[in-house]
Each structure stands twice: as C-alpha cells, then as structure tokens.
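Notes follow once the structure below has been shown.
The values are calculated or read from the model by the stated rules, or taken from the named source; none is laboratory data. Fair warning: this is a prediction, and the values are worked out from it, not measured in the lab. With ideal geometry, Cβ positions are generated from the backbone for all residues, glycine too; neighbour counts draw on all protein chains shown. These accessible areas exclude ligands, DNA and RNA; they are computed on the full protein's heavy atoms, side chains included. Shrake-Rupley method; radii C 1.70, N 1.55, O 1.52, S 1.80 Å.
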Amino acid sequence: MSVHTTTTKMIDPVCGMEVDPSTAAAETCHEGLKVFFCAEGCRDAFMANPERYAKPKRKGVWQRFLVRMEKATGGKPMKCH
C-alpha cells in the first residue's frame with residue numbers, strides 16, 4: 001500500500017513566488033490567516049504595509065507570464081523556431 005501525499009503550495013504575497021509551507025523561510029498571521037514567505041525580507045515588507053499586499057490584486061501565474069512576454073518582445077508574437 002502506498003500513500004500519496006500532495007503538498008499545497010502557497011504564493012508569497014510580496015514577490016509572487018510559490019512557497020511550500022513546510023519549508024517556508026518565514027510566516028506570519030494576518031487577520032486570522034497564516035501567510036508564508038520565501039524570505040524574511042518579504043515578511044518584513046509585508047509587515048511594514050500589509051494592506052498593500054493583502055488585497056487579492058495580483059494576476060495569476062499565466063497572466064503575469066503573458067505580461068512579461070509582451071514586455072520582452074515589444075508586443076510582437078513569439079516565434080517557435
């Protein structure tokens with residue numbers, strides 16, 4: 001019998017990195033919710049101004065990728081080869 005465990009990844013609200021809660025560099029509680037961070041610097045930035053980061057205003061991973069690609073290519077479509 002094998003046991004399959006899944007690890008839930010959380011998003012660092014400051015930098016947007018995926019963070020494994022079991023190995024997070026830092027964490028804090030905000031309005032009754034645990035928030036996990038990739039580094040203590042991100043936690044410090046969050047604690048200095050939690051309202052800035054606590055609002056769900058960030059785009060999803062795919063949308064952030066598309067925005068970065070548009071900036072990198074100057075809005076031109078990418079070529080496969």
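Numbers for the structure displayed
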quantity: 1 or more residues open to solvent by 80 Å² or more (accessible area, probe 1.4 Å) and modelled with pLDDT under 80: qualifying helices (runs of 4 or more DSSP H) within the range 37-81; calculated: 61-73
quantity: Top-ranked residue in the range 7-34 [being part of a strand (DSSP E or B) and free of Cβ contacts under 8 Å to residues at least 24 places away in the same chain; ranked as surrounded by the most Cβ atoms within 10 Å (Cβ to Cβ)]; calculated: VAL19
